[in-house]
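Undergrad: One structure, as C-alpha cells, below. Some questions next.
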Amino acid sequence: MKIVGIVGSNADLSYNRLLLKFIGKKFGHLFDFELLEITDVPLFNQSQDATNSPAIQKLNHKIKMADGVIIATPEHNHTIPAALKSVLEWLSFKIHPLENKPVMIVGASYYDQGSSRAQLHLRQILDAPGVNAIVMPGNEFLLGKVKNAFDENDNLKDQGTIDFLGSTLEKFIQFVNVTALLNPKPKAEPEDLYATGKIDTTIEGADMWADDWLEQATAIVEPAVGRDYVKLDRGLLTVDQLNYFLDSMPMELTYADSNNQFLYYNQTKPANEMLAPRVPGQVGNPLAKCHPEKAYQNVEWVIQQLRSGATDVVRVHVPKQMPEKYIVHNYQAMHDKQGNYMGINEYILDFKPIVEWYLQQTGQKLVGDVDGVTSASKKKETPAVDGVSSASKKDAASAVSAVTPTPAVDGISSASKKD
C-alpha cells in the first residue's frame with residue numbers, strides 16, 4: 001500500500017515534518033511511505049494559473065498514485081497555515097487529485113490541544129466541493145506540547161503516544177481498504193503494443209517493423225551525431241560523450257516511449273552476453289515485435305501499472321537458470337516536468353557482485369533466513385513485482401501472478417528467451 005504524507009508547513013523547522021518522518025521510520029512496515037513538501041508551491045492566484053508548474057504537478061501525480069494521504073497540520077490562529085490552504089486551493093482549482101482519496105489528519109502544536117481547531121477546520125476544507133476527499137472519521141491524533149515530545153534522535157519519547165499513533169495508522173489502513181471497495185479504480189485501457197498511434201516524437205516515414213529503422217529515421221530527421229553538442233537539463237555533452245556515459249553504466253538500459261515503441265538500448269555486447277538479449281534490428285520496433293504473443297498480457301499489465309500511476313516501478317526477478325547471478329528487471333516510469341507519462345526506462349542488473357562487495361566490506365554474511373545486511377529476520381514474502389510505490393500490496397497478488405510465473409517478461413524492449 002502506498003501512502004503519502006503532506007507536511008502542512010513551509011517552515012524550515014516543523015514539528016509536523018518530524019511527526020511524519022517518525023511515522024515513515026517507525027511504521028514503514030505497515031505501508032510504503034513517501035514524504036511530500038509544500039515549500040515550493042506558489043501562493044494561490046487564479047489570475048496567474050500555476051497548475052502546470054512542476055511543484056503542483058508533482059503533488060498532483062504523487063497523490064493520484066497513492067492509496068491514501070496523511071496530512072500533518074500545525075495550528076496558526078485557530079486554523080491551518082496559509083501555505084497549506086494555498087496548496088489545497090491549487091489541488092481543487094483545475095485538478096482534483098484528492099477526490100475520493102482516503103485522508104487521515106494528524107497534527108502537532110506547542111500547546112495542549114495539539115492543533116485540534118486546525119484539524120477541525122481542515123476536515124471542513126477537505127469535504128468542500130472540488131476537494132471531495134474522504135476523511136477518516138474520529139481517530140484524531142493530536143500531539144501537544146511538541147517541543148518536549150521528541151528526543152535527540154527525533155523519535156517520540158512517550159510509548160503510550162507511539163502505541164496510540166500505531167493503532168490509528170492501522171485503522172487508517174483498514175479505512176483505505178474499505179474505501180477502495182466503495183470506489184474501485186477504473187479498468188485500465190488496453191495497451192497498443194503495435195504502436196499504431198502517434199506522439200509528438202514519432203518519426204513518420206520510417207518503418208518501425210524494419211531492421212534498418214534506425215538508418216531510415218536518421219535519414220529523415222538528420223540528428224546530432226559524433227561531436228555535435230546536446231544541451232541537457234544539467235549539462236552539455238557531445239553525442240559521443242553521451243554514448244560513452246550510457247555504455248559505461250553497470251546495467252542494461254532500455255527506452256520505450258509512451259507510444260510503446262522501443263527506441264534505444266545501451267549495451268554494445270553481443271546478444272548472447274547480455275542479461276536480456278537485444279539486437280540492433282530491434283531499435284524502432286513496436287513492443288509487439290519485441291515479445292512473443294504469449295507474453296503480451298504480461299507486458300501490457302506492466303505498462304498499465306506505470307502509465308496509470310498505480311506504481312512508479314515494477315520489479316521482476318528473472319533467474320534464467322543462472323543461480324550465480326541475481327538478475328532483476330526494473331521497469332521505471334518516466335515523466336516530464338508536468339508529471340505526464342513519457343515511457344519506460346527499463347534497467348537490468350545482476351546485483352550479486354554489489355551484495356558480495358558490501359558483505360566483504362562490512363564483514364557481515366548471509367545466513368539461512370536471516371538477511372545478513374540488516375541482521376534482521378526475513379519479513380513475510382512480498383510479491384515478486386514489488387513496485388517501489390506498492391511494495392506489499394496484497395490485493396495486487398492476482399495481478400502479480402500474471403507477470404511472475406513466466407520469464408516471458410524478460411525485458412519490455414527485449415525478445416524473450418526461446419525454449
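Undergrad: Could you go through segment 370-381 and let me know if any residue there is in contact with an Asp or Glu (Cβ under 8 Å, 6 or more places away or on another chain) and at pLDDT 90 or above.
TA: Within segment 370-381, none of the residues are in contact with an Asp or Glu (Cβ under 8 Å, 6 or more places away or on another chain) and at pLDDT 90 or above.
Undergrad: Mind checking whether some residue in segment 83-90 is out of contact with any Asp or Glu (no Cβ under 9 Å at 6 or more places or on another chain), modelled with pLDDT of 95 or more and not in a helix (DSSP H, G or I)?
TA: Scanning segment 83-90 turns up no residue that is out of contact with any Asp or Glu (no Cβ under 9 Å at 6 or more places or on another chain), modelled with pLDDT of 95 or more and not in a helix (DSSP H, G or I).
Undergrad: Inside segment 139-161, can you point out the residues that are surrounded by 14 or more Cβ atoms within 10 Å (Cβ to Cβ) and within 28 Å of the chain's Cα centre (by Cα)?
TA: Phe141, Asn155
Undergrad: Out of Pro292, Pro319, Pro277, report the one residue that is at pLDDT below 95, touching a helix residue (DSSP H, G or I) at 6+ places or on another chain (Cβ under 6 Å) and on the phi < 0 side of the Ramachandran plot.
TA: Matching residue, one of Pro292, Pro319, Pro277: Pro277.
Undergrad: Can you confirm whether segment 24-40 contains a residue that is open to solvent by less than 40 Å² (accessible area, probe 1.4 Å), over 22 Å from Thr168 (Cα atoms) and modelled with pLDDT of 95 or more?
TA: yes
Undergrad: Inside segment 165-184, can you point out the residues that are exposed (fewer than 14 other Cβ atoms within 10 Å of the Cβ) and either hydrophobic (A, V, I, L, M, F, W, C) or at pLDDT 95 or above (or both)?
TA: Within segment 165-184, Ser167, Glu170, Gln174, Val178, Leu181, Leu182 qualify.
Undergrad: Quick check: is even one residue across segment 268-288 in contact (Cβ under 8 Å) with a residue 40 or more places away in the chain, among the polar types (S, T, N, Q) and within 29 Å of Glu34 (Cα to Cα)?
TA: Looking for residues that are in contact (Cβ under 8 Å) with a residue 40 or more places away in the chain, among the polar types (S, T, N, Q) and within 29 Å of Glu34 (Cα to Cα), one finds none in segment 268-288, hence no.
Undergrad: Among the residues of segment 70-81, what is the count of those that are more than 23 Å from the chain's Cα centre (by Cα) and either in contact (Cβ under 8 Å) with a residue 24 or more places away in the chain or closer than 18 Å to Gln57 by Cα (or both)?
TA: 8
Undergrad: Being in contact (Cβ under 8 Å) with a residue 24 or more places away in the chain and open to solvent by 70 Å² or more (accessible area, probe 1.4 Å) is the filter here; which residues of segment 1-23 pass it?
TA: Within segment 1-23, Asn10, Lys21 qualify.
Undergrad: Going through Lys101, Lys187 one at a time, which residue ends up being of a type in the set (Lys, Arg) and either over 24 Å from the mean Cα position of the chain (by Cα) or surrounded by 12 or more Cβ atoms within 10 Å (Cβ to Cβ) (or both)?
TA: Lys101
Undergrad: Give segment 123-157 a look and list any residue that's on the phi > 0 side of the Ramachandran plot and of a type in the set (S, T, N, Q), or say none.
TA: Listed by number, the residues that qualify are Asn132, Asn139.
Undergrad: Kindly list, by first and then second residue, each pair from a residue in segment 26-46 that is under 20 Å from Met65 (Cβ atoms) to a residue that is open to solvent by 50 Å² or more (accessible area, probe 1.4 Å) and aliphatic (A, V, I, L, M), limited to pairs with Cβ atoms under 9 Å and residues at least 6 apart or on different chains.
TA: Asp32/Val388
Undergrad: Could you give every pair whose Cβ atoms fall below 9 Å, whose first residue belongs to segment 196-214 and is among the aromatic types (Phe, Trp, Tyr), and whose second residue is open to solvent by 70 Å² or more (accessible area, probe 1.4 Å), counting only separations of at least 6 or pairs across chains?
TA: Close Cβ pairs (under 9 Å, with a partner that is open to solvent by 70 Å² or more (accessible area, probe 1.4 Å)) amount to Trp209/Lys289; Trp213/Asp207.
Undergrad: Please pick out the residue among Asp158, Asp228 that is modelled with pLDDT under 95 and charged (D, E, K, R).
TA: Asp158
Undergrad: Give the residue that is nearest to Leu246 (Cα to Cα), with candidates limited to residues of segment 300-355 that are among the hydroxyl-bearing types (Ser, Thr, Tyr) and open to solvent by less than 20 Å² (accessible area, probe 1.4 Å).
TA: Step by step, filter segment 300-355, then rank; the result is Tyr331.
Undergrad: Let me ask you something else. If I filter segment 45-59 down to residues being within 19 Å of Ile80 (Cβ to Cβ) and surrounded by fewer than 20 Cβ atoms within 10 Å (Cβ to Cβ), which single residue comes out as modelled with the lowest pLDDT?
TA: The extreme case among them is Ala55.
Undergrad: A further question follows. Quick one: which of Ile95, Ile56 is assigned to a loop (DSSP other than H, G, I, E, B) and over 24 Å from Gln174 (Cβ atoms)?
TA: Among Ile95, Ile56, only Ile95 is assigned to a loop (DSSP other than H, G, I, E, B) and over 24 Å from Gln174 (Cβ atoms).
Undergrad: One residue is enough: does segment 47-68 have a residue meeting the conditions without any contact (Cβ under 8 Å) to a residue 40 or more places away in the chain and of a type in the set (D, E, K, R)?
TA: No, every residue in segment 47-68 fails to be without any contact (Cβ under 8 Å) to a residue 40 or more places away in the chain and of a type in the set (D, E, K, R).
Undergrad: Across segment 257-292, what is the total count of residues that are open to solvent by 20 Å² or more (accessible area, probe 1.4 Å) and part of a loop (DSSP other than H, G, I, E, B)?
TA: Of the residues in that region, 9 qualify.
Undergrad: Kindly list the number of the only condition in (1) touching a residue at least 40 places away in the same chain (Cβ under 8 Å); (2) touching a Leu at 6+ places or on another chain (Cβ under 7 Å) that fails for Gly114.
TA: Checking Gly114 against (1) touching a residue at least 40 places away in the same chain (Cβ under 8 Å); (2) touching a Leu at 6+ places or on another chain (Cβ under 7 Å), the one that fails is (1).
The values are calculated or read from the model by the stated rules, or taken from the named source; none is laboratory data. Note that the structure is a prediction, hence the values are computed from the model and not measured. Note that we place each Cβ from the backbone using ideal geometry, even for glycine, and neighbour counts take in every protein chain shown. For accessibility, only protein heavy atoms count, side chains too; no ligands or nucleic acids. Shrake-Rupley method; radii C 1.70, N 1.55, O 1.52, S 1.80 Å.
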